[in-house]
Every structure is written in structure tokens, then in C-alpha cells.
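Have a look at the structure below before the remarks.
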Amino acid sequence: MAETILKVVDLTINFSGLKAVDTLNFEIEKGEIFGLIGPNGAGKTTTFNMISGALKPTSGEVWLNGQRIDGNYMYQTNKLGIARTYQNINLFRSMTVLENLLVGQHCRLHSGLFPAIFRTPKEKKEEEAAVQKARDTLEFCGLGHKEDTYSSSLSYGEQRILEIARALVSDPVLIILDEPAAGMNPTEKNSLADLVKRIRARGITVLLVEHDMKFVMGITDRICVLNYGKRLALGTPAEVQANPEVIEAYLGGGD
Amino acid sequence: MKKNGFFETKKGKTIAAAVILALLVIIPLLMDNNIILKQNKYFYVLLCLIGIYTIITSGLDILFGYTGQISFGHAGFFCIGAYGSVLLTHPGWGLGKLTGYVLPPILSILLVACITACIGALLAVPASKLVFHFLSMLTIAFNQIIYLIANNFSWLTNGSIGITSVPAVTILGFSFSTVSSKLRYYYLVLFFVIVLLVVKTHIINSRVGRGLIAIRENPTAANGCGINVAKYKIMSFAISAFYVGLAGGLYVHMIGFVSPDTFIQNTSVIFITMLLFGGSGNLVGPILGAAVITFIQEGLQSLADYRMLIYGVLLLIIILFQPQGLSGLGKTFSGLAARGKGGESNG
Ligand SMILES: Nc1ncnc2c1ncn2[C@@H]1O[C@H](COP(=O)(O)OP(=O)(O)OP(=O)(O)O)[C@@H](O)[C@H]1O
Ligand SMILES: [Mg+2]
């Protein structure tokens, strides 16, 4: 039996009357690629926001490696080992690609104000190592040739990859990707799928939301289907695809 | 778009800085040997003021240009620095009046900078939760409160009359009295300007500085990258206040006099204007802004009637045609040149 890395228990959030997520339960095993799917407005991003700490759940619990993490802020969950990307790309636009990855390492670096002011040898060494690590991660993600480019002038697909790289560079145990393939062409989607697999091969668990069914079915080990904030189905891609309720939600919903 | 250009390389920057520094040291020295300029003491006051305003705008730049937080209350910090240093060094007021002991001015300048930083941090606790327009209002209110304290608490500050005979800076028995030699005070100010600009550069190019810029660029992503946004905003306010508090101390020991009307709301607006005029979010912009606006404000005293007009027209030109401020001119020109040569290729 594999270890559980993330456990979501009765997770619920109430937006002034609207239950965007309603008593949601699932567990993700270590080393898995886990998909969260559902029609528009099903509550997928909201679930991600509660796991990563961007939103506080109204009730319910989130556990990471046996530690309860709901109620933490994003900067805290990042340090605990959750890194994420965003559905609407959130890059540091006037920074270069490399600088984005230096910010991505914030929680793993230690130099504060005074080491910075006095440029202590320790601070210099840490900065050099950070630059090296940023370069290695960019190389791993296929953005090595772009390190001095401003992130705002990258193509849409490259910006999505950069967000993944920025998440990856913080050495997460769990990486959360919100619609990573959105706006990508088929070639870019293929290399994204390859990248996600290589991330998992590094021992990092992946949780992703994606509307492209071919992409999701081809890459995930298990899938949780959400509809109106509730869990509709959970299982392997084959099981989920055969589930009549899921077919109904997707086809009957007129999506 | 990529980074390029000689003055963006490390070597280019070092050379440019060394040349400018040499000029700043040598030129006033030569001028001091010129009998005519030597008579005109006001020239040095102008240079000192530019230095002091450079410290202020650079400090404001850390908060506004890099962290993206507005403050219309920096004259409040300036006031705390100035009055603070008077109250710690003046034999007839504050500490001197209460205990009979005073601090040496140079020590008190550094101490008030630290005190101002603490007050900045306190103000930032509520400020760190506010967005742009509410933050503007909070900082305006802060400025107003500090001004009213300076103006109305006569037992402490002598009210609107102000305090005269502020002691001069003395370091190891070496007097920086502006009566005997203004050139010396210029070098003292220059020293602080250089140290604080180096400190600013070091902060900006560090993990902390990246955190500040990340907040300006995208607070959500900054939070997701492990940056405690509220804490970093507080830190930015404190650093910014440190700069302005120190400038307040330097100012008051140069002028030798302090009164509340220096620290009215308008002064805060002028600080912001200097920064926007010169260009925010870089090293050179605040210096240019401080220099040009100070020249216009102080240098054109004889043209008093037209001063505000010149000032207004220049500001309008900058806002309309050069939103990045004077420091962006280089980029604008190289952009124009590239367009002229390369045709559509740059488009
Ligand atoms: N901050 C908020 N305040 C109020 N309602 C919200 C908020 N965030 C999301 N919602 C609502 O909650 C529901 C779920 O939104 P969510 O963004 O999680 O959907 P999603 O599954 O990610 O959809 P999509 O596929 O379009 O990204 C929607 O009805 C949305 O309007
Ligand atoms: Mg979504």
C-alpha cells in the first residue's frame, strides 16, 4: 500500500450562500499523477486555492504528510512543500526568466536584510548556488535558452512552462497545476506531458486540473470528477470514462 | 526583449560609478578654490539639499518604485528625523532640557534613523493590509498627525516658531559647522548618499529585494512563492522610513533650524514628484529627480513668479511624453534609434 501524501476531508467552502466546494473527500498517494476534472465552475480552482492556502475552507480539513495544513497562508504551505501554478498566469512580468526562478526559491533561501546589506560571503555563496539551481531547473523544463528574456515577452505556452519551473524550483513534495495545457498547441502539449512525467520521476507528486480530456486521460493515474462542488466519481481514467454519471455531467450539461 | 547595453553590464556600471564619484568629489573642491564661487555659499547648500533629497527619494523608491506601495506621508518621517535629532542634541530642548545631557549629532542622526524606521514599521502594520487609495489616505493622515504634533506641542517643539541654534555635527573634534565650511558638510552628505545608494543596490539585488519586487509585480504569485507579503511590506516601509529619518537629521544639522512648515503635506507630494520626475524603480532616477526639482525649487529663487510655471510645464512634459521619468530617456532614445535603423524589425 502506497503512502498517502495529501488527504482532503469533508472540504467545504461557502461563498455567501454558494457552496463552491461541498464536503469533498479524496486522498492522493505519493508519486501519483492525480487529475481533478469537471465542467466550468465545478470548483476545481477553488479546491486548489484551499489546498494551497489562498483560501480558507469554511469547514473540512487538508492534510499534507500527516500534518494538518488548512488555515495556513500560501507562503507557509509553499515552505511545507506545496508549489502551484495559476489558471490565469501569474508571473513576475518585468523580471527575467531567471529572476522568476530566483523568487521561486525564496522559501528555500535564508539570507535576510543584513546579510544582503553587507554582502556576507555566506549570502554570496547562497546566491550563486541559487542561480545555478535556477539554471538547472530551466534546463530541465526546456527553457534554458531563455534565461535572460523578460517573462512578459515569452509565448503563452512558454509562460505556462515558466510557471511550472518556478514552482518546481522550490523543491516541492506536491506540485499543483491549474490548467497547464490551456492555450498550448499539440506540440507544446506533448512536451508538457513529457515534462509532467519527468517531474513525477523526480519523486514529486502531481495534482492537476485540465480540460483537455485526451491530455488528462493519457497522463494521470487516477482522476477525481467534480460537479457543482461535489465529488461525482473517483478512479482510474478508464473507470471514470465508463461512469454513466460522468458522461451525463459532461454531455448532458451541454459543455 | 533581452537585457543589453554596456551600462547594464557589471563592468560598465562600475566604471560609470567611479567616474561620477570622482567628479562629485573633485568639482566642488575646485570650485572652492575659485574666489567667486567660494563667496556663494548658497551653492553648497544647494548641493547638500540635492544629496539630502536624493536620500529621501531613494528611500521612497524602495517603497514605491520597488515594492509598489504609495506614500503621501514621507514628510512625516522627514519631520520625525529632523525634530528627533534636535531633541536629542539641543541643550535647551528635549533630552538636553530634561537631563542636561545631549547626544553628539552624528550619533543622534543614526539613532533617529532607527527610531523613524521603527515608526515606519508600526505605521506599516495597518498599511500593509490596504490597497492603493486607502494607503494614500492613511499616509496623508499620518503626515498630518506628525505635522500637528510638531506645530501644537509647544512644550516639546516650540510650536510654529520652531527651534533655532541646532548644534553642528562634530566628528572626533572635527567640526562640520556650515558656518565655517559648507564644503565639509557637502562631503558628509555625499558620504551618506553613497553609503545609502550602495545599501539600496545591495538590498534590491538580494533575496529580500526580489521579494519586494515580486510584491510589486504580483502579490498573489509572491505569496505562492513563499514570500510573507505583509512582513515584506512592513520591512519596506521601515527601510524607506530609515532613509528619510536619516535625511531629516542631516537636514536639520545643516540648516541649524527647524520649524513645522517644512513638513506640511505638500512636502510629501514634492518627494513623490521628484521620484516620478526622475523615474522610479532604479538607482539613477531618484538622483536625477532630486537634482532637477531641487534646482527648480531652490535655484530659480530669482524667478519666483515663474518657478511654479516652469515646474508645472516640465512635469506635464514628463507625464505626457516620458512616463518612465528622466532615467528612462536613455531607453527611449535607443528605442527611437533602433526603430530608425531597423525599420519594422523591432516592431
Ligand atoms: N472568490 C469567490 N467569491 C465568490 N464566488 C466564487 C469565488 N471564487 C469562485 N467562485 C465561484 O465558485 C464556483 C467555482 O469556481 P472555480 O473557479 O473553482 O471553478 P473551476 O472548476 O475552476 O472552473 P473553470 O473550469 O472555469 O476554471 C464558481 O461558480 C465561481 O463563480
Ligand atoms: Mg478554474
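The values are calculated or read from the model by the stated rules, or taken from the named source; none is laboratory data. The shown structure was predicted, so the numbers you read here are calculated from the model rather than taken from an experiment. Reconstructed Cβ throughout: ideal geometry from the backbone, glycine too, with neighbour counts over all protein chains shown. Just so you know, the surface numbers come from the protein's heavy atoms only, side chains and all, with ligands and any DNA or RNA stripped out. Shrake-Rupley method; radii C 1.70, N 1.55, O 1.52, S 1.80 Å.
Answer yes if at least one residue in region A:174-185 is out of contact with any Ser or Thr (no Cβ under 7 Å at 6 or more places or on another chain) and closer than 21 Å to A:LYS79 by Cα, and no otherwise.
Yes: one or more hits.
Here is a yes/no grid of residues against (1) at the interface with chain B (Cβ under 10 Å from one of its Cβ atoms); (2) closer than 29 Å to A:THR58 by Cα:
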| position | (1), (2) |
| --- | --- |
| A:ASN90 | yes, yes |
| A:VAL103 | yes, no |
| A:SER151 | yes, no |
| A:GLN159 | no, no |
| A:ARG166 | yes, no |
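Tally time: how many residues in region B:186-215 are more than 10 Å from chain A (Cβ to nearest Cβ) and crowded, with 24+ Cβ neighbours inside 10 Å?
3
Checking the structure you have, find out if any residue of region A:70-80 is modelled with pLDDT under 95, buried (at least 20 other Cβ atoms within 10 Å of the Cβ) and assigned by TED's automatic domain parsing to the domain that holds A:ILE204.
yes
I'm trying to understand the selection: among the residues of region A:98-116, which are buried (at least 19 other Cβ atoms within 10 Å of the Cβ) and more than 22 Å from the chain's Cα centre (by Cα)?
Scanning region A:98-116 gives A:SER111, A:PRO115, A:ALA116.
Are there any pairs with C-beta distances below 6 angstrom linking a residue in region A:45-56 that is free of Cβ contacts under 8 Å to residues at least 12 places away in the same chain to a residue that is more than 9 Å from ligand 2 (Cβ to nearest atom) and assigned to a loop (DSSP other than H, G, I, E, B), with the two at least 6 apart or on different chains, and if so which?
Close Cβ pairs (under 6 Å, with a partner that is more than 9 Å from ligand 2 (Cβ to nearest atom) and assigned to a loop (DSSP other than H, G, I, E, B)) amount to A:ASN49/A:LEU55.
Cβ-Cβ below 7 Å, separation at least six or inter-chain, first residue in region B:133-145 and on the phi < 0 side of the Ramachandran plot, second of a type in the set (Val, Ile, Thr): which pairs?
From region B:133-145, the pairs are B:LEU135/B:ILE70; B:SER136/B:ILE70.
Go through region A:177-255 and tell me which strands (runs of 3 or more DSSP E), entirely inside it, have 2 or more residues that are within 16 Å of ligand 2 (Cβ to nearest atom) and open to solvent by less than 50 Å² (accessible area, probe 1.4 Å). Break it down stepwise before answering.
Working: elements: A:205-209, A:222-227, A:230-235.
The strands (runs of 3 or more DSSP E) meeting that bar are A:205-209, A:222-227.
Just one of the numbered conditions (1) more than 10 Å from chain B (Cβ to nearest Cβ); (2) open to solvent by less than 10 Å² (accessible area, probe 1.4 Å) is not true of A:ARG135; which one?
Against the list (1) more than 10 Å from chain B (Cβ to nearest Cβ); (2) open to solvent by less than 10 Å² (accessible area, probe 1.4 Å), A:ARG135 comes up short only on (2).
Filter region B:216-237 for residues that are surrounded by 24 or more Cβ atoms within 10 Å (Cβ to Cβ) and of a type in the set (A, V, I, L, M, F, W, C) and give the result.
B:ALA221, B:ALA222, B:CYS225, B:ILE227, B:MET235, B:PHE237
Within region B:282-290, can one find any residue that is more than 14 Å from chain A (Cβ to nearest Cβ), outside any loop (DSSP other than H, G, I, E, B), of a type outside the set (Gly, Ala, Ser) and surrounded by fewer than 22 Cβ atoms within 10 Å (Cβ to Cβ)?
Yes, there is a match, as at least one residue in region B:282-290 is more than 14 Å from chain A (Cβ to nearest Cβ), outside any loop (DSSP other than H, G, I, E, B), of a type outside the set (Gly, Ala, Ser) and surrounded by fewer than 22 Cβ atoms within 10 Å (Cβ to Cβ).
Would you mind finding the one in A:GLU126, A:GLU61, A:GLU29 that is open to solvent by 30 Å² or more (accessible area, probe 1.4 Å), more than 16 Å from ligand 1 (Cβ to nearest atom) and touching a helix residue (DSSP H, G or I) at 6+ places or on another chain (Cβ under 9 Å)? Reasoning before the result, please.
Values: A:GLU61 fails: touching a helix residue (DSSP H, G or I) at 6+ places or on another chain (Cβ under 9 Å); A:GLU29 fails: touching a helix residue (DSSP H, G or I) at 6+ places or on another chain (Cβ under 9 Å).
Sole residue among the options that is open to solvent by 30 Å² or more (accessible area, probe 1.4 Å), more than 16 Å from ligand 1 (Cβ to nearest atom) and touching a helix residue (DSSP H, G or I) at 6+ places or on another chain (Cβ under 9 Å): A:GLU126.
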